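Notes to accompany the following structure.
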Amino acid sequence: MKDGKSLIKIVVMDVDGTLTDGIVYIGNDGELCKGFYVRDGIGILNLMKAGMIPVVFTSRESGIVVQRWRELGIDHIYQGVQKKEEKFREIMKEMGVKPEETAYIADDINDYEAMKLAGIRGCPADAVTQIKEICDFISSYDGGKGAVRDFIEYLLKAGGYSKSELY
C-alpha cells in the first residue's frame, strides 16, 4: 500500500463461469443470453472509483458481453482470447503495469497460466481445483452470483478503502 491505498492498478476478470454462472444459452441463431449479477456490476463501479482499471478477458465472442460492459463504462474488453497469458503480458506492457500491480479472477484452467502472472489471484467458490490451488482468495460465492463483487471488496479492503469512500 502507498498512502493507505492499494497498489493494484488493473483487475482482470474472466467472463463465463466468473462474471456469469458459466451456462451459455445457444439457439439456432447463436448465443441467446447470459446472466450478469447486478451486484458484481456495482463492485466493478467501485473498483473504478478507487482508480483501478477493470479488464475483461473471454475466449468467446459475444455482443452481450460488449453491451453489458459498455453499460458499466469498461473500455478494456478482449474477446476471442485463446492465449490469455500472452494477452495479459501485452496488456501489462501497454499499460506500464508490473505483475505485482495486477489482480485476476477466473474459474477454469484456460486462465491458469495467465493467472499465475498476477500479483493477487482470486476465484469463485465453484472454480476448478487447479485454479483454487493458486489463488490468494477463494470467494464463498459461485461464479455469476457475487464472486467478483466479493473479490473486489477483498481488494478494496486490502488497499485501505472504506465502504464510505466508495459506495
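Listed values, structure above:
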{"read-out": "Unmet criterion (only one of (1) open to solvent by less than 40 Å² (accessible area, probe 1.4 Å); (2) assigned to a loop (DSSP other than H, G, I, E, B); (3) not small (Gly, Ala, Ser)) for Ile23", "value": "(1)"}
{"read-out": "Which listed residue, of Val56, Val128, Val66, Val38, is surrounded by fewer than 14 Cβ atoms within 10 Å (Cβ to Cβ), out of contact with any Lys or Arg (no Cβ under 8 Å at 6 or more places or on another chain), of a type in the set (A, V, I, L, M) and under 22 Å from Ile23 (Cα atoms)", "value": "Val38"}
{"read-out": "Qualifying residue in the stretch 137-150 (condition: open to solvent by 60 Å² or more (accessible area, probe 1.4 Å), within 17 Å of Gly43 (Cβ to Cβ) and part of a strand (DSSP E or B))", "value": "yes"}
{"read-out": "Those residues of the stretch 10-20 which are open to solvent by 10 Å² or more (accessible area, probe 1.4 Å) and among the β-branched types (Val, Ile, Thr), in sequence order", "value": "none"}
{"read-out": "The stretch 41-53, subset in contact with a strand residue (DSSP E or B) (Cβ under 7 Å, 6 or more places away or on another chain) and in a helix (DSSP H, G or I), residue surrounded by the fewest Cβ atoms within 10 Å (Cβ to Cβ)", "value": "Met48"}
{"read-out": "Strands (runs of 3 or more DSSP E) wholly inside the stretch 70-130 that include at least 1 residues being free of Cβ contacts under 8 Å to residues at least 24 places away in the same chain", "value": "76-78, 120-123"}
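The values are calculated or read from the model by the stated rules, or taken from the named source; none is laboratory data. In this text, all values refer to a predicted model and were calculated from it rather than measured experimentally. We place every Cβ from the backbone using ideal geometry, glycine too, and count neighbours over all the protein chains shown. SASA here: full protein model, heavy atoms, side chains in, ligands and nucleic acids out. Shrake-Rupley method; radii C 1.70, N 1.55, O 1.52, S 1.80 Å.
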